[in-house]
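Reading through the structure tokens given below for one structure.
FYI, it's all coordinate maths here, none of it is from the lab. All values derive from a computational prediction rather than experimental measurement. Every residue, glycine as well, gets a Cβ built from its backbone with ideal geometry; the counts of neighbours run over all protein chains shown.
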Amino acid sequence: MLKTSGGSWRTFKRNRELFLLSLPAILFKLVFNYLPLVGLMIAFKKFRYDLGIFGSPWNGLDNFKFFFVSDNAWRITKNTILYNSGFIVITMMVALLLAVLLNEMSSRAVKGYQTALFLPYFLSWVVVGYVVLAFLEQDRGLLHQLFSSFGWKPVNWYQEAEHWPFILNAVNLWKTVGFSTLVYYAGIIGISPTYYEAAKIDGASKWQMVRKITLPLLTPLIIVLLIIAIGGIFRADFGLFYFIPNNSSFLYATTDVIDTYVFRALRTVGDVGMSAAVGLYQSVIGFILVVLSNWIIKKLNADNALW
């Protein structure tokens, strides 16, 4: 034990600069990811502000009943899962396509396209909401004026729910695809050029090189990102589903998800315990899905599993 402790101390001294560099990240994780775990008790308590977390009385699973006995539970759960599943598949396919195309361009062109693709990722959902509003506003929106110029009947976008699955998928793709594209593009850059040179000598086409070299070598990266995304499939992006539809009650049938539903309930009822219960439920389901996905992938190909 003493030898192990001494070896650990020598390792620390030898790499103290690296440990020092990692200190901000460690503190960030400690403060924002581990210390808040104490608050999970609120999910099983009838929280009172005057008594605090530890003084509030326990109430078992009563906080969870709010969500599971609700008439809207099935609808918002279905919307959350279907939207996130669509986001994962569509973003992955488009990002892979764009990454392959970027790899075929000159370095100067790549910089311009990288900036154009990545810029929306830094915009807040509030700003994106105003951008979408500029297109869809009933009287002055760009699409309204375009339809009017062609003599078509204008669409009241914020009162007709059937259009929003397509709108939300398109907006999410526009905002997030740049990040995934750069991740996949970095993975492609890391592939040894000798593979492509050998394939060219053998007379392989561009499509054959993508299918036989690029995609197989990117498979571990794709699977890691897929497992991480599956872990968040029960957590919807609140900004996307709240600001883009402008919180219109006419659209709840197709835009309401777990996060927006809980937010409105919390704002109306003010039950903090209920909100904590739903958050814990989402986290537990997400953890189970990550473990299950990794287990399935490990059964298919152990080399591609996350652990």
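Things worth noting here:
- Per DSSP, loop chymotrypsin sites (Phe, Trp or Tyr not before Pro) in the stretch 28-121 with at most 10 further Cβ within 10 Å: Y49
- Förster radius 51 Å - calculated FRET efficiency between S149 and I26, Cβ distance, rounded to 0.05: 0.30
- Nearest-20 debye value, the stretch 28-169 charge dipole, Cβ charges on Lys, Arg, Asp, Glu: 380
- Normalised convex hull volume, the stretch 99-242, alpha-carbon set, Å³ per residue: 166
- When its C-alpha radius of gyration is set against 2.2 N^0.38 Å (N residues), the stretch 39-170 gives a value of 1.62.
- Most fluctuating residue given options G129, G286, G52, as computed from a GNM of the chain linking Cα atoms under 10 Å: G52
- Between D202 and W58, the C-beta separation translates, for a Förster distance of 51 Å, into a calculated FRET efficiency of about 0.15.
- Mean-square fluctuations from a GNM of the chain, with a 10 angstrom spring cutoff on Cα atoms, peak among T260, T77, T115 at T115.
- Of G141, G273, G203, the one that fluctuates the most in a GNM where the chain has Cα springs shorter than 10 Å: G203
- Judged by the gyration tensor of its Cα atoms, with axes a ≥ b ≥ c, the stretch 198-257 is prolate; a/c meets the 1.5 cut and a/b is the larger of a/b and b/c.
- Here, the stretch 115-200 is characterised by an Rg to Rh ratio of 1.22, where Rg is the alpha-carbon radius of gyration and Rh the Kirkwood radius.
- Inter-site label distance for R48 and T194 at 7 Å from Cα along Cβ, in nm: 7.2
- Label-point separation in nm, A73 to R14, each point 7 Å along Cα→Cβ: 5.6
- Residues of type lysines that K200 reaches as a straight line, Cα spacing below 20 Å, ignoring anything fewer than 8 places off in the same chain: K212
- Residues whose amide H lies under 5 Å from that of K45, counting only those 5 or more places away or on a different chain, are N59; hydrogens are built 1.01 Å from N in the peptide plane.
- Förster-model FRET efficiency, 45 Å R0, L215 and E160, C-beta, rounded to 0.05: 0.70
- DSSP loop trypsin sites (Lys or Arg not before Pro) with at most 13 other Cβ within 10 Å excluded, longest remaining stretch of the chain: 141-307
- The Rg/Rh ratio of the stretch 229-307, with both radii computed over alpha carbons and Rh defined as the Kirkwood radius, is 1.13.
- The stretch between Y130 and A186 holds 17.0 nm of extra length on full extension. This uses 0.36 nm per residue minus the Cα-Cα distance.
- Gap separating the Cα centres of the stretch 67-104 and the stretch 136-168, nearest whole Å: 24
- Three semi-axes of the equivalent ellipsoid, the chain, Cα gyration tensor, whole Å, largest first: 37, 35, 18
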